[in-house]
Amino acid sequence: MSPTNRTSLAIVGAGPAGLTLAQFLRLKGYSAATLIEQADRVGGKSDSLDLGDIVAEMGTCYATGAHKDVVGWMKRQGGDLRILRKTTIDGAGLKDYIGDAGGPPLGAQVLSYLAKRDRLLKQLKRTPDKPSLLAEAAMPTDAWLAENKLPKMTRLMYRAITSLGYGYLNEVSIYQSMQWVDHHTILSGATGKLIMPAAGWSDFWNVLSQNFDVRLSSSILKIERSGQDSLLHFKDGTQLAAGALACTIPMDNWASLVNNPTADETAVAGAITWKGYATSLIVVENWFTSEDIRSFSKAFLPGSYPGQLISARYEGYSPDFGGHLYVTGQIPGDYTLPELRIFLERDLADLGASLVNVVNAKTWRYFPHYDLKAISAGLLGTMRGMQGQAGTWYTGATFSHESVANVSRFNKALTPALLARLKG
Ligand SMILES: Cc1cc2nc3c(=O)[nH]c(=O)nc-3n(C[C@H](O)[C@H](O)[C@H](O)COP(=O)(O)OP(=O)(O)OC[C@H]3O[C@@H](n4cnc5c(N)ncnc54)[C@H](O)[C@@H]3O)c2cc1C
């Protein structure tokens, strides 16, 4: 980078949000964006470990019907897709687990949930400040489902929300649960159709990123927003002028980079707590091999606590690593990785299996949890209304949901307004 150069759009972050935004813009004829990435690789929370015969995903794993555009791009890249075989809860089918709960048949509960979801989200768009709607959106997921007499949907949410590490149903607002649990998620759960790029998500993002001007290992010192252009200052002493900015990174990080955070940026940064998710790639003896994913209901039912083994994915047998490989998930709470390993060993022993080796483990900054009181006080309207303020556009997991499908769909919807501003 020369000491100062210029781009019409600087996209900060080259994770799924930055890359899918650049891709939607490119598909509409705009290819002038510059992506600024602090890491030495693209892909953000996608992290594929290539172990030879096996590619183990430590981060992003599955695509569903909701990932239509992303899966389309995977197919166009020509890579093979791995279709998963079977998902269970405690070794039994999802339908049995959900069916055990009371109330009307599952189909009726799903339709009732989808109709209520549709109503709430549409009304929130039409009248974003209406206190009764905000109070409903801020209800904890379990309380909303109980009030609406949907016990089978509560079980489905345990699987779709808690077992994916998004949090316990008494903590996550129904609004955030609704961002993820739509007809696509429910259908994918019912059909069990989950897709993974066989060469790994990291490979997919790497190939996609070759279409763009991506500046890796770029540490931003500060962003000056004043006048026509914003000026990004980098730790290596260089600068980049930008006609517009797209923020895909957590708002607290963003607010500490810009010289003049707006009131809305400060409000959003203060209303969000990043939770965690821990994944471990382990070798286990005497565990399941005839299914791909197993979740463990003990870890997401009321009374469960952080650290418990919540799910595991069978990755295959590796002679090099001396056994069957699995990627497990745990909600870490305040526990460190060595402490989480003790929980893992205990839970495996309870299941009759034994931990042989930990190949890799990491804790992710995961799931931007909206404060329930802030939702009641109008956070959602603030997040919608701030687009384009101070020459800045906001996207990523904070503004859509912690999933590639949501991030990508959000960007698709954002693209026309952003393009109009870039051309205007
Ligand atoms: C274990 C795990 C499993 C998951 N499974 C799935 C799944 O099955 N399906 C699915 O759809 N999603 C899944 N996800 C979620 C999905 O990976 C995330 O929602 C997605 O990565 C969010 O994309 P993002 O671009 O908003 O954020 P990130 O992926 O966090 O990317 C942000 C990028 O910005 C960069 N950055 C941060 N600060 C700066 C800065 N100051 N300057 C420059 N760059 C910066 C980061 O280095 C990073 O590359 C999973 C995530 C994890 C952790």
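The values are calculated or read from the model by the stated rules, or taken from the named source; none is laboratory data. The model shown is predicted, which means the values in this text are computed figures rather than measured ones. Glycine also receives a Cβ, built like all others from the backbone with ideal geometry; neighbour counts cover every protein chain displayed.
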| note | Expected single match for acidic (Asp, Glu), outside the structural domain of Tyr335 (by TED's automatic domain parsing) and more than 27 Å from Tyr370 (Cα to Cα) among Glu265, Glu224, Glu285, Glu291 is Glu224
| note | By residue number, the members of segment 24-43 that are surrounded by 21 or more Cβ atoms within 10 Å (Cβ to Cβ) and either in contact with a Phe, Trp or Tyr (Cβ under 7 Å, 6 or more places away or on another chain) or free of Cβ contacts under 8 Å to residues at least 60 places away in the same chain (or both) are Ala33, Leu35, Val42, Gly43
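For segment 357-424, please list each of the helices (runs of 4 or more DSSP H) lying entirely inside it that holds at least 1 residues being without any contact (Cβ under 8 Å) to a residue 12 or more places away in the chain and either under 20 Å from Trp254 (Cα atoms) or outside the structural domain of His324 (by TED's automatic domain parsing) (or both). Show your work before the answer.
Numbers: elements: 372-376, 379-385, 404-423.
In segment 357-424, the matching helices (runs of 4 or more DSSP H) lie at 404-423.
Take the residues of segment 332-356 that are in contact (Cβ under 8 Å) with a residue 60 or more places away in the chain and among the hydrophobic types (A, V, I, L, M, F, W, C): which is farthest from Gln308 (Cα to Cα)? Outline the logic, then answer.
Going through segment 332-356, the residues in contact (Cβ under 8 Å) with a residue 60 or more places away in the chain turn out to be 340-341, 344, 348, 351-356.
So of that shortlist, the ones also among the hydrophobic types (A, V, I, L, M, F, W, C) come out as 340, 344, 348, 351, 353, 355-356.
Values: Leu340: 8, Leu344: 7, Leu348: 10, Leu351: 13, Ala353: 15, Leu355: 15, Val356: 18 Å.
Filtering segment 332-356 for residues that are in contact (Cβ under 8 Å) with a residue 60 or more places away in the chain and among the hydrophobic types (A, V, I, L, M, F, W, C), the one farthest from Gln308 (Cα to Cα) comes out as Val356.
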| What is the number of the single condition among (1) part of a strand (DSSP E or B); (2) away from the ligand (no atom under 13 Å from the Cβ) that Lys275 does not meet? | (2)
| field | Residues (surrounded by fewer than 17 Cβ atoms within 10 Å (Cβ to Cβ) and part of a loop (DSSP other than H, G, I, E, B)) located in segment 206-221 | value | Gln210, Asn211, Leu216, Ser217, Ser219
| request: Examine segment 318-338 for a residue that is assigned to a helix (DSSP H, G or I) and out of contact with any helix residue (DSSP H, G or I) (no Cβ under 7 Å at 6 or more places or on another chain), and state whether such a residue exists. | output: yes
| said: Among the residues in segment 184-201, are any of a type in the set (Gly, Ala, Ser), crowded, with 22+ Cβ neighbours inside 10 Å and either touching a strand residue (DSSP E or B) at 6+ places or on another chain (Cβ under 9 Å) or at pLDDT 95 or above (or both)? | reply: yes
| Cβ-Cβ under 7 Å pairs, at least 6 apart or on other chains, segment 88-108 side in contact (Cβ under 8 Å) with a residue 40 or more places away in the chain and within 21 Å of Arg313 (Cα to Cα), far side charged (D, E, K, R) and not in a helix (DSSP H, G or I) | Thr88/Glu291; Thr88/Arg294; Gly91/Arg294
| request: Could you grab the pairs with beta carbons closer than 9 Å, sequence gap of 6+ or different chains, first residue in segment 296-319 and of a type in the set (Lys, Arg) and at pLDDT 95 or above, second one part of a strand (DSSP E or B) and buried (at least 17 other Cβ atoms within 10 Å of the Cβ)? | output: Arg313/Ala56; Arg313/Glu57; Arg313/Ile293; Arg313/Arg294; Arg313/Tyr326; Arg313/Val327; Arg313/Thr328; Arg313/Gly329
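Condition check ((1) surrounded by fewer than 19 Cβ atoms within 10 Å (Cβ to Cβ); (2) in a helix (DSSP H, G or I)) across all residues:
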{"site": "Tyr158", "(1), (2)": "no, yes"}
{"site": "Tyr166", "(1), (2)": "no, no"}
{"site": "Asn170", "(1), (2)": "yes, no"}
{"site": "Phe204", "(1), (2)": "no, yes"}
{"site": "Ile223", "(1), (2)": "no, no"}
{"site": "His233", "(1), (2)": "yes, no"}
{"site": "Asp236", "(1), (2)": "yes, no"}
{"site": "Ala246", "(1), (2)": "no, no"}
| field | Selection within segment 385-399 - over 19 Å from Pro128 (Cβ atoms) and of a type in the set (A, V, I, L, M) | value | Ala390, Ala397
| task | Test each condition in (1) touching a helix residue (DSSP H, G or I) at 6+ places or on another chain (Cβ under 8 Å); (2) over 17 Å from Gly381 (Cα atoms) for Leu134 and report the one that comes out false. | result | (2)
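Confirm whether Ala137 is in the same structural domain as Trp180 (by TED's automatic domain parsing), modelled with pLDDT of 95 or more, touching a strand residue (DSSP E or B) at 6+ places or on another chain (Cβ under 9 Å) and surrounded by 13 or more Cβ atoms within 10 Å (Cβ to Cβ). I'd like the intermediate steps shown before the answer.
On the way: in the same structural domain as Trp180 (by TED's automatic domain parsing): yes; modelled with pLDDT of 95 or more: yes; touching a strand residue (DSSP E or B) at 6+ places or on another chain (Cβ under 9 Å): yes; surrounded by 13 or more Cβ atoms within 10 Å (Cβ to Cβ): yes.
Here the answer is yes, as Ala137 does meet what is asked.
When you check Ala198 against the structure, is it farther than 17 Å from Ala14 by Cβ and either in contact with a Gly (Cβ under 8 Å, 6 or more places away or on another chain) or touching a residue at least 24 places away in the same chain (Cβ under 8 Å) (or both), yes or no? Steps first, answer last, please.
On the way: farther than 17 Å from Ala14 by Cβ: yes; either in contact with a Gly (Cβ under 8 Å, 6 or more places away or on another chain) or touching a residue at least 24 places away in the same chain (Cβ under 8 Å) (or both): yes.
Against the criterion (farther than 17 Å from Ala14 by Cβ and either in contact with a Gly (Cβ under 8 Å, 6 or more places away or on another chain) or touching a residue at least 24 places away in the same chain (Cβ under 8 Å) (or both)), Ala198 qualifies.
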| From Ser202, Ser217, residue being within 15 Å of the ligand (Cβ to nearest atom) and over 22 Å from the mean Cα position of the chain (by Cα) | Ser217
| message | Considering only segment 152-164, I want to know if a residue exists there that is more than 23 Å from the chain's Cα centre (by Cα) and at pLDDT 95 or above. | response | yes
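Name the residues in segment 388-412 that are out of contact with any helix residue (DSSP H, G or I) (no Cβ under 7 Å at 6 or more places or on another chain) and farther than 18 Å from Gln176 by Cβ, would you? So that I can check it myself, show each step before the final result.
At the first step, the residues of segment 388-412 found to be out of contact with any helix residue (DSSP H, G or I) (no Cβ under 7 Å at 6 or more places or on another chain) are 390-392, 394, 402, 409-410.
If the condition is that a residue be out of contact with any helix residue (DSSP H, G or I) (no Cβ under 7 Å at 6 or more places or on another chain) and farther than 18 Å from Gln176 by Cβ, then Ala390, Gly391, Thr392 are the ones that fit.
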